[in-house]
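Working notes for the structure below.
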Amino acid sequence: MIDIKNISKWYGSFQVLTDCTTTINKGDVVVVCGPSGSGKSTLIKTVNALEPIQQGDIVVDGTSITDKKTNLPKLRSRVGMVFQHFELFPHLSITDNLTLAQIKVLGRGKDEALKRGLKMLDRVGLSAQKDKFPGQLSGGQQQRVAIARALSMDPIVMLFDEPTSALDPEMVGEVLDVMVGLAHEGMTMMCVTHEMGFAKRVSNKVIFMDAGKIVEDCASADFFGKPEERSPRAKDFLSKILQH
Amino acid sequence: MALNLDYSFLTADVVRHNIVPGFEYALQLTLVSAGGGIVLGTFVALMRLSSIPFLRRFATVYVDALRSIPLLMVILWFFLLIPPGFFAAIAGDFGLAHRPEFSAVITFTIFEAAYYSEIMRAGIQSVSRGQVMAGYAVGMTYSQCMRLVVLPQAFRNMLPVLLTQTIVLFQDTSLVYAIGAYDLLKGFQTAGSIYNRTNEMVLLAAVVYFILSFSLSMLVRRLQAKIQIIR
């Protein structure tokens, strides 16, 4: 479903991504991990062309993001994205956050958008908050609304960019629960995360990055189950992250 | 020195005939050029933040030029350079008869847009890059993202400053006196010269400007506390 082919990206003269290649199939739950500054977040943002690439190509559901003829807004409307800092629209109520893009981008009617939005809000367990504003919710609740906002668009794939990194520890669980539920329903997901428990239990594939390169790209079972087969950099990362 | 102030001539009739029309025009000039200036200024701000070098360049020159010339000069130049036919074209005989008034509205709109655009630029930049990303991520185009996500937040963040600038604009309308437009100051001055009481009227004009501007400033301060977005 997502084909990342030999992509490279520079910020000025600094290369953030070097020749990255991977494939994500329908129904895959892929966890992207690695030390900070390794290019994980940049990689995931290139998938819906929020970050442009200078070399290579990404094909999402048959559509190339580098093709000049591609309607990027349309492509992005089919790719759900969840950000580290939630990025709900603070000037709009929760209901409006859920329906805005459905109405303005997908052209749905108000009633249909509201029905779909509230259904997704119920799915993340926050129906009671529908008339509040984002600033009145806790971080965990905001992130769950952000997931509901993305799901309201009926995406073919969901991208998660460190969805729990900005949360207080006691709120991480509620967001992960929603993500686990999604994965079990068969949603195709790409998640940049440090939650190795989630990676171990839910993902079927792990991409390990270091210094802008994909160092490991293997089944989760192998990544966690056969550490002896891993590269030295990944071993080092795993030993630090798993020892506690 | 005794000032010998005498306001006995100042009847309701004088106020109605001389001062109220001036006040109405000052108010119209303020509201129309604030509205026009904010709209135009928003476009200039978007151009200044654009990724297209030509637009950025144009907007920078526009803002820098107008902010480096005294308003009074712009008012005079505009009035003297625009041919009467222009005013006839936009408002017919009425436009010809009120050339200074029309000229001032256009001048103020163009001039204030430069100041409003800097306020809007700061407002747009106060909206985090993540909000723009979120807008794009749900499939919005540039213009949707600006209209639905960035500008509403920018306006809210900047409303007190926009209003304060508008109060300054209201005070600056007194400058159109120079091209003979019938504004608030001209109203006082006219009444003063008819009854040979210019000192009284100029003094009163200052008091009226002060009371209006000061109370509006107080209102803005109250509003500021009310409208802040809950974060």
field: Antiparallel bridge percentage (DSSP; both residues within the protein assembly as shown; nearest 5)
entry: 55
task: Return the residues of region A:56-78 for which accessible area with all protein chains present is lower than in the chain on its own by 40 Å² or more; set the probe to 1.4 Å and exclude ligands, DNA and RNA.
output: A:P73, A:R76
- request: With everything on Cα atoms, drop me the angle between helix A:169-184 and the longest principal axis of chain A, reported from 0 to 90° to the nearest 10.
  value: 90
message: Relative to 2.2 N^0.38 Å, what does the C-alpha radius of gyration of chain A come to as a ratio? Two decimals please.
response: 1.01
field: Label-point gap, in nm, between A:D154 and A:T63 - each point 7 angstrom along Cα→Cβ
entry: 1.4
query: How big a patch of accessible area, both sides summed and in Å² to the nearest 100, lies buried between A and B at a 1.4 Å probe?
result: 1900
message: Under 30 Å between alpha carbons, and skipping anything fewer than 8 positions from A:K235 in its own chain: which lysines qualify?
response: A:K5, A:K9, A:K26, A:K40, A:K45, A:K200, A:K205, A:K213, A:K226
- prompt: Got a number for carbon plus sulfur as a percent of region A:136-189's accessible area, 1.4 Å probe?
  reply: 45
- prompt: With every protein chain present, what is the per residue accessible area of chain A (1.4 Å probe, Å²)?
  reply: 42
message: For A:K110, give me every one of the lysines with a C-alpha distance below 22 angstrom, ignoring sequence neighbours fewer than eight places off in its own chain.
response: A:K74, A:K119, A:K130, A:K132
- prompt: Where does helix B:151-172 land angle-wise versus the long Cα axis of chain B, in degrees 0 to 90, nearest 10?
  reply: 20
- prompt: Across 10 Å bins from 0, what is the distribution of all Cα-Cα pair distances for the protein assembly as shown, in whole percents?
  reply: 4, 16, 21, 18, 13, 11, 8, 5, 2, 1, 0
- request: Kindly provide the helix-only [θ] at 222 nm of chain A, computed as the sum of -39,500 (n - 2.57) over DSSP H runs of four or more divided by all residues, to the nearest 500 deg cm²/dmol?
  value: -11000 deg cm²/dmol
message: Using a probe radius of 1.4 Å on heavy atoms only, what accessible surface per residue do you get for region B:12-230? Whole Å² is fine.
response: 50
- line: If each K or R counts +1 and each D or E counts -1, the residues other than B:A59 whose Cβ falls under 10 Å of its Cβ total +3
field: Of all accessible heavy-atom area on region B:64-150, the percent that carbon and sulfur account for (1.4 Å)
entry: 70
field: Area projected by the alpha carbon convex hull of region B:12-230, averaged over all directions, nm²
entry: 14.9
- prompt: Relative to the isolated chain, which residues of region B:117-137 have their accessible area cut by 40 Å² or more in the presence of all protein chains (1.4 Å probe, heavy atoms, no ligands or nucleic acids)?
  reply: B:Q131, B:M133, B:A134, B:Y136, B:A137
message: Treating only the Cβ of Lys, Arg, Asp and Glu as charged (+1, +1, -1, -1), what charge dipole size does the protein assembly as shown show about its Cα centre? Round to the nearest 20 debye.
response: 380
message: Take chain B, mark every one of the chymotrypsin sites (Phe, Trp or Tyr not before Pro) that falls in a DSSP loop and has at most 14 other Cβ within 10 Å, then report the longest stretch left between them, sites excluded.
response: B:10-231
field: Cα→Cβ-extended label distance, 7 Å offset, between B:K226 and A:E112, nm
entry: 3.9
- line: Percent relative contact order for region B:12-230, counting Cα pairs under 8 Å at least six residues apart, stands at 30
message: Below 8 Å, C-alpha to C-alpha, sequence gap of six or more: please give me the relative contact order for region A:77-172 in percent.
response: 49
- line: Taking Cα atoms, the helix B:99-126 axis meets the longest principal axis of chain B at an angle in degrees (rounded to 10) of 40
Approximate spin-label separation B:S68-A:S127, in nm, with each point projected 7 Å along Cα-to-Cβ: 6.4
field: Estimated FRET transfer efficiency when R0 is 22 angstrom, pair A:A219-A:K5 (beta carbons, to 0.05)
entry: 0.60
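The values are calculated or read from the model by the stated rules, or taken from the named source; none is laboratory data. Computed from a predicted model, the values in this text were never measured in an experiment. Backbone-built Cβ (ideal geometry, glycine too); neighbour counts: all protein chains shown. Surface accessibility is based on the protein's heavy atoms, side chains included, excluding ligands, DNA and RNA. Shrake-Rupley method; radii C 1.70, N 1.55, O 1.52, S 1.80 Å.
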